[in-house]
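**Student:** Quick one: the structure is below, questions incoming.
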Amino acid sequence: MSVTLDLSRVAPAEKQTGADAAKPPVNLSGLTRPQLIAALTESGVVEHGKAKMRATQVFRWIHHRGVTDFAQMSDVAKETRARLAETFTIARPEVVERQVSKDGTRKWLIRMAPGIEVETVYIPSVGRVGALCVSSQVGCTLNCSFCHTGTQPLVRNLTAAEIVAQVQIAKDDLAEWPSDKEDRLLSNIVFMGMGEPLYNLGQVSDAIEIISDNEGIGISRRRITVSTSGVVPMLGKLGETTQAMLAISLHATNDPLRDELVPLNKKYPIAQLMDGIRAYPGLSNARRVTFEYVMLKGVNDSPDEARALVKLIKGIPAKINLIPFNPWPGSQYECSDWGAIETFAAILNKAGYSSPIRTPRGRDILAACGQLKSESEKVRASALRKLSMAAMAGMLEEEDDAA
């Protein structure tokens, strides 16, 4: 499901009044190729017979070359470029802050609109060469008790253009244009930043279609992972529409504890979640589900919990990412002792499950798993609480099985 677009021809500035004058131009960066064809024809910028060809040219300039100005599209007629600029935009949102960790992790605070800010993180040496953790919402409503992001109220869903913009900004900073560079530093995309992707599935699906298109950014769907806290009714649709890899923010093996850690569990308890995972389209040994399990001292890190986890996921092609808890101001939890984490991992390994212990990255810039929280919330918390809408996930890196 996509946002309905007003693609009528934009009138000259002096004729625009009222609501029409305030309506921002459509950002072509957020349109799939079929949507782009429709936008060009319905706006009157391109005649129907040339729309497919012209859409391919424009799409490649935006997503393969990374241009931000229609005037740079040298194989598009000058008159058409002018009409595109009058009607649409391909501008990037504002990068408010850029931070680089001592371990090479990069974090950008991106302002999509006044009061609408998200954080996006690039993690080097993850996946094939590096992963980008993108956000799908501004804020979160699931209130997972261990997650810093979960303390920020949800403001709104991000559009496909705003999701894709996070990838474009990372590629700008990494000098990743054109997209087919042999020495690319960005190989994987993980929807594990701010927000619950399955509560914004229409825009997430469109963004994945754009990001994975071989005429553009060209990141394989097998290198794109979507993490959910367990919105069970949407799991099937996620697999059918995106063919993305699935990650589950699990963190507990029984309902009472998961109710506390991941409150969404009260709506979709563990048994229901496991049934949904087993039915996920395309699930196989080649396309395993990733279970994310944050290690909390004295809470969920005992050998008994490890054995319960083995029993819980029996028969599911899976790996388990063990995530040392990343502290944040005001948190009630502590990270498990390293010995406890290693013992937990050994039990999982003995049962035949890959269970890498995630090396914390970007802690010094609050870019590690569960630490994302936009400056807009810090500065305007009371105002943002009035704007709540829907959901959550957490932040994690993806270890690419297809490498």
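**Student:** Given Ala279, Ala247, Ala271, which one is assigned by TED's automatic domain parsing to the domain that holds Cys147 and under 20 Å from Ile189 (Cα atoms)?
**Tutor:** Ala247
**Student:** For Gly127, are the conditions met, namely being under 27 Å from Ser220 (Cα atoms) and either part of a strand (DSSP E or B) or touching a residue at least 24 places away in the same chain (Cβ under 8 Å) (or both)? Step through it out loud before you land on a result.
**Tutor:** On the way: under 27 Å from Ser220 (Cα atoms): yes; either part of a strand (DSSP E or B) or touching a residue at least 24 places away in the same chain (Cβ under 8 Å) (or both): yes.
Yes; evaluated as a whole, the condition is true for this residue.
**Student:** Show me the helices (runs of 4 or more DSSP H) entirely contained within the stretch 5-84 in which 3 or more residues are modelled with pLDDT of 95 or more.
**Tutor:** Numbers: elements: 18-22, 33-42, 51-60.
Counting at least 3 such residues, we get 33-42, 51-60.
**Student:** Turning to a different aspect of this structure: With the condition kept exactly as written, say whether any residue in the stretch 156-165 is part of a strand (DSSP E or B) and under 23 Å from Arg258 (Cα atoms). Talk me through it step by step, then tell me what you get.
**Tutor:** Keep residues of the stretch 156-165 that are part of a strand (DSSP E or B), which gives 156-157.
With the extra rule that they be under 23 Å from Arg258 (Cα atoms), the set shrinks to none.
No: zero hits.
**Student:** On the basis of being assigned by TED's automatic domain parsing to the domain that holds Gly330, surrounded by fewer than 18 Cβ atoms within 10 Å (Cβ to Cβ) and closer than 19 Å to Val164 by Cα, does Pro114 make the cut?
**Tutor:** Details: assigned by TED's automatic domain parsing to the domain that holds Gly330: yes; surrounded by fewer than 18 Cβ atoms within 10 Å (Cβ to Cβ): yes; closer than 19 Å to Val164 by Cα: yes.
Yes.
**Student:** Is it fair to say Cys133 is in the same structural domain as Asn214 (by TED's automatic domain parsing), in contact with a His (Cβ under 9 Å, 6 or more places away or on another chain) and either within 30 Å of Glu260 (Cβ to Cβ) or surrounded by fewer than 22 Cβ atoms within 10 Å (Cβ to Cβ) (or both)? I'd like the intermediate steps shown before the answer.
**Tutor:** On the way: in the same structural domain as Asn214 (by TED's automatic domain parsing): yes; in contact with a His (Cβ under 9 Å, 6 or more places away or on another chain): no; either within 30 Å of Glu260 (Cβ to Cβ) or surrounded by fewer than 22 Cβ atoms within 10 Å (Cβ to Cβ) (or both): yes.
Taking the combined requirement at face value, the residue does not satisfy it.
**Student:** I've got another one for you. Please work out which residue is nearest to Val26 (Cα to Cα), limiting yourself to the stretch 69-93 and to residues that are crowded, with 16+ Cβ neighbours inside 10 Å and polar (S, T, N, Q).
**Tutor:** Thr89
**Student:** Next up: All but one of (1) surrounded by 21 or more Cβ atoms within 10 Å (Cβ to Cβ); (2) over 22 Å from Ala207 (Cβ atoms); (3) assigned by TED's automatic domain parsing to the domain that holds Ile219 hold for Ser101; which doesn't?
**Tutor:** Evaluating Ser101 over (1) surrounded by 21 or more Cβ atoms within 10 Å (Cβ to Cβ); (2) over 22 Å from Ala207 (Cβ atoms); (3) assigned by TED's automatic domain parsing to the domain that holds Ile219 leaves (1) as the failure.
**Student:** Does the stretch 202-215 include one or more residues that are in contact with a Gly (Cβ under 8 Å, 6 or more places away or on another chain), among the charged types (D, E, K, R) and not in a helix (DSSP H, G or I)?
**Tutor:** No, the stretch 202-215 has no match at all.
**Student:** Also: Determine which single condition Arg156 fails, assuming it passes every other condition in (1) within 30 Å of Tyr333 (Cβ to Cβ); (2) surrounded by 21 or more Cβ atoms within 10 Å (Cβ to Cβ).
**Tutor:** (2)
The values are calculated or read from the model by the stated rules, or taken from the named source; none is laboratory data. Source: prediction; values computed, not measured. Counting neighbours? That spans all protein chains shown, and the Cβs are built from the backbone with ideal geometry, glycine included.
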